[in-house]
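All remarks here apply to the structure that follows.
The values are calculated or read from the model by the stated rules, or taken from the named source; none is laboratory data. These figures come from a predicted structure and were not determined experimentally. For neighbour counting, all protein chains shown are included, and Cβ atoms are generated from backbone atoms with ideal geometry for every residue, glycine included.
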Amino acid sequence: MNTESDDSRLERVRAAFESVAFANFLGLKLGETKGGEPAICLEVRDDLKQNHGVVHGGAIASLIDTASAFAILAVIKENEKVTTTDLTIHYLRPVTSGRMVAHARIVRAGRRRFVVSVEVENNGALAATAITGYVKIG
């Protein structure tokens, strides 16, 4: 694993997050850290909703996938890269307003594979949970 200091890793995560065009396009923001892992936030907007006024599942999936990737980025070496292999989401309640916050926690970090658990909160309530898989590439 990584021997960088926590401050150094968080700075690397911040710099990397700013360079992700898709995260910027969606309006994702890097939030406070919880247990040393970055939270990813998304303000609910009308353009993220489907025709019934509920946030589209794809927007929530992107929030989860991004939170997972950045939790892993905080622990791998600077030259290592990962990509998603699977994503299983349980949508627990409809999201219609407020702010979503995704907290990702690495469940297993192997030599090549990672498993990450994610919880998405909306206005203080658990809105979705997920398990994601990642593999090192390159």
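Can you pull out every residue in region 48-98 that is out of contact with any Lys or Arg (no Cβ under 8 Å at 6 or more places or on another chain), in a loop (DSSP other than H, G, I, E, B) and not polar (S, T, N, Q)?
Within region 48-98, HIS52, GLY53, VAL54, LYS77, LEU92, ARG93, PRO94, VAL95, GLY98 qualify.
Based on this model, can you work out whether ARG108 counts as in contact with a strand residue (DSSP E or B) (Cβ under 6 Å, 6 or more places away or on another chain), surrounded by fewer than 16 Cβ atoms within 10 Å (Cβ to Cβ) and touching a residue at least 12 places away in the same chain (Cβ under 8 Å)?
Considered against the rule, which asks whether it is in contact with a strand residue (DSSP E or B) (Cβ under 6 Å, 6 or more places away or on another chain), surrounded by fewer than 16 Cβ atoms within 10 Å (Cβ to Cβ) and touching a residue at least 12 places away in the same chain (Cβ under 8 Å), ARG108 comes out as no.
Output the number of the condition that ASP65 fails; it satisfies all remaining conditions of (1) closer than 19 Å to ASN123 by Cα; (2) modelled with pLDDT of 95 or more; (3) within 13 Å of the chain's Cα centre (by Cα); (4) not polar (S, T, N, Q).
(1)
For a quick check of your reading of the model, give me the residue pairs whose first member lies in region 1-16 and is closer than 12 Å to PHE70 by Cα, whose second is at pLDDT below 80 and of a type in the set (S, T, N, Q), with beta-carbon atoms closer than 8 Å and at least 6 apart or on different chains.
ARG9/ASN2; LEU10/THR33
Please determine, by comparing only the residues of region 34-54 that are within 18 Å of the chain's Cα centre (by Cα) and surrounded by 15 or more Cβ atoms within 10 Å (Cβ to Cβ), which one is modelled with the lowest pLDDT.
Ranking the candidates gives GLU37 first.
Inside region 1-33, can you point out the residues that are polar (S, T, N, Q), at pLDDT 75 or above and either closer than 15 Å to ALA104 by Cα or exposed (fewer than 12 other Cβ atoms within 10 Å of the Cβ) (or both)?
SER19
Out of VAL55, VAL135, VAL44, VAL115, which single residue is hydrophobic (A, V, I, L, M, F, W, C), touching a Ser or Thr at 6+ places or on another chain (Cβ under 9 Å) and free of Cβ contacts under 8 Å to residues at least 24 places away in the same chain?
Matching residue, one of VAL55, VAL135, VAL44, VAL115: VAL115.
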